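**Student:** First the structure, which I've put down as structure tokens, then a few questions once you've had a look.
The values are calculated or read from the model by the stated rules, or taken from the named source; none is laboratory data. This is a predicted model, so every value here is computed, not measured. FYI the Cβ positions are ideal-geometry reconstructions off the backbone, even for glycines, and counts take in every protein chain you see.
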Amino acid sequence: MNLPGDLPLLTSDAGLEQAKPIELRRVCLVVLGGESFAIDLRQVREVFELESMTPVPGMPASLVGVANLRGTIIPLADLRQSLGVSLSTTARYVIVVRHDAHQIGLLIDGVPEIQEIVAENMLSDSEASIKGGHRFLSGLVRVENRVSGMLAIPSLLASVEDAVMEPSISES
């Protein structure tokens, strides 16, 4: 019972819902052979213009050489063939990615762009495999009106390390 001067309690005031925070992930969008790929920004160390590269004989096909970055030798990988994209462009930039203590430079076509992706625009790896996923992709992300494959940096680095560690076939 309300007394004169008391304000009635509205049922909508009692159960105000708190808005869920929006989960954002920052990604670096790169272009390889004309195709767009995304890399979790937490795994990107830096980007630099490729001025010179030193080939290393006996390396796996994906490792095309090394570059000197301020006194640090960075192995360079060209993923275009592994990802099944066009080899017609010349990579002009390198994006250095890392996982744990390992790092590698990936050859890319142009300067990358940084985007924030909301959780609902990230498709899981199972959805990516349905759409023709690859062992170097951990899923797909939707950015504006395009879809990009999310590069799985740990898998990529493990694959390169395994290829380097394989014993070479020696001639008798």
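**Student:** Hey, among I108, I117, which residue is surrounded by 15 or more Cβ atoms within 10 Å (Cβ to Cβ) and modelled with pLDDT under 85? Working first, answer last.
**Tutor:** Working: I108 fails: modelled with pLDDT under 85.
Result: I117 is the single residue among I108, I117 that is surrounded by 15 or more Cβ atoms within 10 Å (Cβ to Cβ) and modelled with pLDDT under 85.
**Student:** Yes or no: V66 surrounded by 12 or more Cβ atoms within 10 Å (Cβ to Cβ) and at pLDDT 90 or above?
**Tutor:** Values: surrounded by 12 or more Cβ atoms within 10 Å (Cβ to Cβ): yes; at pLDDT 90 or above: yes.
Considered against the rule, which asks whether it is surrounded by 12 or more Cβ atoms within 10 Å (Cβ to Cβ) and at pLDDT 90 or above, V66 comes out as yes.
**Student:** Give segment 135-154 a look and list any residue that's under 28 Å from P57 (Cβ atoms) and either in contact with a His (Cβ under 9 Å, 6 or more places away or on another chain) or modelled with pLDDT under 85 (or both), or say none. Can you show your working first?
**Tutor:** Let us first name the residues in segment 135-154 that are under 28 Å from P57 (Cβ atoms), namely 135-136, 151, 153-154.
Matches in segment 135-154: R135, F136, I153, P154.
**Student:** Can you find a residue in segment 96-104 that is surrounded by 12 or more Cβ atoms within 10 Å (Cβ to Cβ), modelled with pLDDT of 85 or more and touching a Phe, Trp or Tyr at 6+ places or on another chain (Cβ under 8 Å)?
**Tutor:** There is at least one residue in segment 96-104 that is surrounded by 12 or more Cβ atoms within 10 Å (Cβ to Cβ), modelled with pLDDT of 85 or more and touching a Phe, Trp or Tyr at 6+ places or on another chain (Cβ under 8 Å).
**Student:** Within segment 44-63, work out how many residues are modelled with pLDDT of 90 or more and either within 16 Å of H102 (Cβ to Cβ) or under 20 Å from the mean Cα position of the chain (by Cα) (or both).
**Tutor:** The qualifying residues number 7.
**Student:** Still on this model: Evaluate the following for T89: is it of a type in the set (S, T, N, Q) and at pLDDT 80 or above?
**Tutor:** On the way: of a type in the set (S, T, N, Q): yes; at pLDDT 80 or above: no.
For T89, the condition - of a type in the set (S, T, N, Q) and at pLDDT 80 or above - is not met.
Listed here are the residues, each with its yes/no results for (1) assigned to a strand (DSSP E or B); (2) among the aliphatic types (A, V, I, L, M); (3) in contact (Cβ under 8 Å) with a residue 24 or more places away in the chain.
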position	(1), (2), (3)
R42	no, no, no
R45	yes, no, yes
F48	yes, no, yes
S52	no, no, no
G65	yes, no, no
P75	yes, no, yes
T89	no, no, yes
V96	yes, yes, yes
